[in-house]
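These notes are about the structure you will find just below.
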There are 2 protein chains.
Amino acid sequence: MARLESHRERWSHARWYVLALVVLLAGACTSRTPTAEARAKPAGGATSLPESSQPQQTASPAIPADPLPSWNAGAARDAIVAFVARVTRQDGPDFVPPSERIATFDNDGTLWSEQPMYVQLAFALDRVRDLAPKHPEWHNREPFKSVLAGDAKNALAGGEHAVAELIAATHAGVTTEEFDAIVRQWISTAHHPRYGRPYIEVVYQPMLELLAYLRANGFKTFIVSGGGADFIRPWAGDVYGIPPEQIIGSRAKLKYEVHDGVPRIERLAGVDFVDDKAGKPVGIQEQIGQRPIAAFGNSDGDFEMLEWTTSGPGPRLGMIVHHTDPTREWAYDRDSPIGTLARALDEAPKRGWIVIDMKQDWKTVYPFEQ
Amino acid sequence: MARLESHRERWSHARWYVLALVVLLAGACTSRTPTAEARAKPAGGATSLPESSQPQQTASPAIPADPLPSWNAGAARDAIVAFVARVTRQDGPDFVPPSERIATFDNDGTLWSEQPMYVQLAFALDRVRDLAPKHPEWHNREPFKSVLAGDAKNALAGGEHAVAELIAATHAGVTTEEFDAIVRQWISTAHHPRYGRPYIEVVYQPMLELLAYLRANGFKTFIVSGGGADFIRPWAGDVYGIPPEQIIGSRAKLKYEVHDGVPRIERLAGVDFVDDKAGKPVGIQEQIGQRPIAAFGNSDGDFEMLEWTTSGPGPRLGMIVHHTDPTREWAYDRDSPIGTLARALDEAPKRGWIVIDMKQDWKTVYPFEQ
């Protein structure tokens with residue numbers, strides 16, 4: 001992954017952002033459930049709850065055994081525990097039946113690190129290089145020529161057309177099941193450039209605990225990502241405990257075809273749906289069919305999801321992961337091209353959204369710290 | 001509903017079909033979970049299984065307590081029980097982990113009656129009449145003028161443009177939450193013209209039992225309908241035991257907007273996705289993200305869903321409800337414009353799909369017979 005690092009250094013952040021966004025939006029649905037290849041710690045591992053902490057029937061925020069051990073005491077942790085107590089207290093005024101306990105989570109920057117680049121972008125660049133031996137013509141053809149020469153900046157000079165070619169080459173022209181296998185293979189071998197660990201270990205331990213805590217209290221947890229659902233589904237079961245049908249993301253156009261009697265679903269180069277910003281409530285409506293009561297994000301791309309979620313009647317919880325820890329993770333917000341957080345940060349107080357201060361609120365960031 | 005009957009008699013089947021198809025394709029996602037207003041018997045009611053019949057660990061087709069009491073002994077029932085035994089036998093060669101036990105069901109003609117017209121079409125026509133007082137101009141404007149005068153045939157003479165206007169008037173121009181409330185209100189008051197009962201009681205008791213039986217054996221059950229997901233979600237929880245996020249259907253275009261600080265999702269007049277024929281495997285891939293191992297349909301519109309499902313490796317089950325009972329329900333297949341069943345019927349034997357002979361295989365058709 002060192003080669004990615006050297007690329008990154010030569011690129012401006014803004015350039016990354018342009019490519020990252022578009023590559024992310026090329027995602028489409030894939031299939032299969034996770035295999036043992038996804039080597040991350042199962043979400044239930046560090047966070048399994050004693051039966052006594054399941055469906056809370058009391059208003060007390062004191063949990064029998066701490067289900068959120070990686071969270072420091074503070075407003076963020078208190079808000080989570082109080083909210084769960086409110087909606088699960090069967091005789092309380094704010095009881096929400098389990099069928100309506102829907103919680104949605106952004107992925108990049110909310111459940112795993114999105115720096116120094118979106119993981120799906122690292123995948124796309126690796127895939128261009130992996131495919132190059134089968135495409136000798138790429139050495140003489142932009143944008144591939146520049147990517148392979150390490151000059152991604154020049155590759156992107158071709159604008160939208162160049163980006164579309166990169167997407168088609170790395171995310172399309174294969175069946176959904178082939179793409180699933182490609183992602184599984186990549187995610188089981190690629191390593192995060194800073195930590196030298198598989199990407200699926202560079203996930204936030206406090207959020208794994210939160211996912212498990214909500215599920216233990218009768219919630220259904222969904223991912224609502226600007227990235228491709230196809231890229232997340234192959235490993236999200238093992239890593240987050242979230243099954244494929246609870247992953248919502250951007251989608252490529254798909255085509256069902258039968259070749260020599262064998263049916264397949266082909267991933268086309270076109271983008272079918274962009275699950276970002278105002279697309280997030282639409283994606284939620286299309287696939288979940290009801291408004292969540294809790295939503296978690298980290299950037300302005302999650303603004304509308306939090307707005308939609310917290311504008312409904314009854315108890316609502318909106319939370320924002322604020323990246324404030326340059327030592328253990330990264331510190332960035334309004335000036336970062338990746339995970340820009342400005343409007344949502346500014347409006348959080350008046351909207352009642354809780355800002356999670358990563359540095360203050362998280363005792364542990366990654367599972368491997370433990 | 002007598003007025004619908006009189007309409008129906010004056011229309012040709014083919015005409016119904018044209019409108020029915022397009023109206024059905026106008027569906028979009030709605031929200032909310034079912035309320036007590038949906039008055040159907042909960043799916044678990046007549047079909048709840050004793051704990052001893054949950055996750056089968058033996059190969060024996062003998063179930064401790066009969067979970068399928070409305071099915072007569074025969075090839076169809078045997079196929080279901082044998083399949084469930086195969087995939088749930090943990091030490092068997094065909095064991096399928098629960099995460100991959102995905103079963104998909106068509107709705108119209110598979111879970112409830114689609115004759116004498118698609119229920120969603122009855123809804124659309126009723127809605128034109130209900131809205132007419134607010135639209136005095138409709139009495140002088142086609143296609144509404146003809147619909148209101150009872151001359152639907154003439155209304156459809158305007159072709160696609162007329163149909164688009166009917167869709168826009170009955171399924172669009174409202175928010176998803178408003179549409180949800182409209183469907184709830186309608187479904188709780190409208191009655192099936194033949195049986196004089198709420199439509200949600202004109203569902204197939206054997207299929208309710210099958211849904212519950214599969215779920216008791218660790219399956220996740222999904223609806224994959226050519227109709228609008230929006231039209232099914234408000235009542236499918238109470239009637240079928242299937243939550244909104246497990247309903248896949250055709251979709252209208254949606255738009256997220258904020259008016260005076262209040263966010264809403266508007267249903268637009270355009271069709272976003274047609275979940276029929278080759279669209280069914282695509283819809284499955286987009287929302288479920290993995291290939292089902294069992295699929296149930298009743299028409300050629302389900303052909304590709306069954307083809308996709310039963311072409312995968314390992315144990316697979318494809319079943320077709322064949323409408324063979326003119327006394328208790330209807331008898332129709334290849335010549336019917338609604339629920340046309342020709343190619344799937346012809347190819348069933350060579351593809352190993354089991355044809356359910358409604359007259360022979362079902363002891364009971366509707367719950368209200370009991």
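The values are calculated or read from the model by the stated rules, or taken from the named source; none is laboratory data. Just so you know, these numbers come straight off a predicted model, no measurement behind them. Positions of Cβ are backbone-derived with ideal geometry, glycine not excepted, and every protein chain shown enters the neighbour counts. Each accessible area value is taken on the protein alone, full model and side chains, heavy atoms only, with ligands, DNA and RNA left out. Shrake-Rupley method; radii C 1.70, N 1.55, O 1.52, S 1.80 Å.
For A:N72, inter-copy separations between label points set 7 Å beyond Cα along the Cβ vector come to 7.2 nm, shortest first.
Here r is the Cβ-Cβ distance between A:F95 and A:K134 and R0 is 45 Å; the resulting FRET efficiency, rounded to 0.05, is 0.20.
Computed from the Cβ-Cβ distance with R0 of 45 Å, the FRET efficiency linking A:K350 to B:H191 stands at 0.40.
As I understand it, the dipole of the range B:57-170 uses +1 on the Cβ of Lys and Arg and -1 on the Cβ of Asp and Glu, about the Cα centre. Which of B:I80, B:G150, B:L68 lies farthest toward its positive end? The listed residue farthest towards the positive side: B:G150. Taking 16 Å as the cut-off, the amide N atoms of the range B:266-294 that come nearer than this to a point 7 Å along the Cα-to-beta-carbon line of B:A168 belong to B:267-272.
Taken across both chains, chains B and A shield about 3400 Å² of accessible surface from a 1.4 Å probe. Convex hull volume per residue, computed on the Cα atoms of the range B:281-361, equals 97 Å³. Available extension along the chain between A:R141 and A:A342 is 68.5 nm, counting 0.36 nm per residue and deducting the alpha carbon span.
The reciprocal of the average 1/r between distinct C-alpha atoms defines the Kirkwood hydrodynamic radius, which for the range A:233-336 equals 16.4 Å. Among the listed pairs A:K253/B:K277; A:K153/B:K253; A:K255/B:K350; B:K253/B:K277; A:K220/A:K280, a Cα-Cα separation exceeding 27 Å is found for A:K153/B:K253. Amide H contacts of B:G270 (H built 1.01 Å from N, in plane; Pro and chain starts excluded): B:K253 sit under 5 Å, all sequence-distant by 5 or more or on other chains. Contact order, relative form, for the range B:291-361: 33 percent (alpha carbon pairs under 8 Å, 6 or more residues apart, mean separation divided by residue count).
Counting only lysines at least 8 places from B:K134 when in the same chain, those with an alpha carbon closer than 22 Å to its own are B:K145. Per-atom-type breakdown for the range B:214-370 gives carbon and sulfur 50% of the accessible area (1.4 Å probe, protein chains only). Its Cα gyration tensor gives the range A:57-157 an equivalent ellipsoid, and the semi-axes of that ellipsoid, as √(5λ) in whole Å with the largest first, are 51, 15, 11.
Using R0 = 60 Å, the C-beta based FRET efficiency linking A:K359 and A:H259 works out to 0.65. Residues within the reach of a label modelled at B:A157 (point 7 angstrom out along Cα to beta-carbon, backbone nitrogen below 20 Å), restricted to the range B:123-138, are B:138.
Close amide H contacts of B:H323 (hydrogens built in the peptide plane, cut-off under 5 Å, sequence separation of 5 or more or a different chain): B:Y332.
Here the range A:117-274 is assigned +1 on the Cβ of each Lys and Arg and -1 on the Cβ of each Asp and Glu. Its dipole about the Cα centre then comes out at about 280 debye. Between identical copies, the spacing of B:A157 label points, each set 7 Å from Cα toward the C-beta atom, reads 6.4 nm from nearest to farthest. Of all chain A residues, the closest to the A-onto-B rotation axis by Cβ, with that distance in whole Å, is A:Q287, 3. Our coupling estimate for the range A:245-258, obtained by passing each phi through the Karplus curve with A = 6.51, B = -1.76, C = 1.60 and θ = phi - 60°, is 6, 9, 10, 10, x, 5, 9, 7, 5, 10, 9, 8, 9, 10 Hz, Gly and Pro reported as x. Each copy carries a label point for A:G196 at 7 Å from Cα along the beta-carbon vector; from one copy to the others these points are 8.1 nm apart, nearest first. Going from the isolated chain to the complete set of protein chains, the range B:283-305 loses at least 40 Å² of heavy-atom accessible area (1.4 Å probe) at B:Q285, B:E286, B:Q287, B:G289, B:Q290, B:R291.
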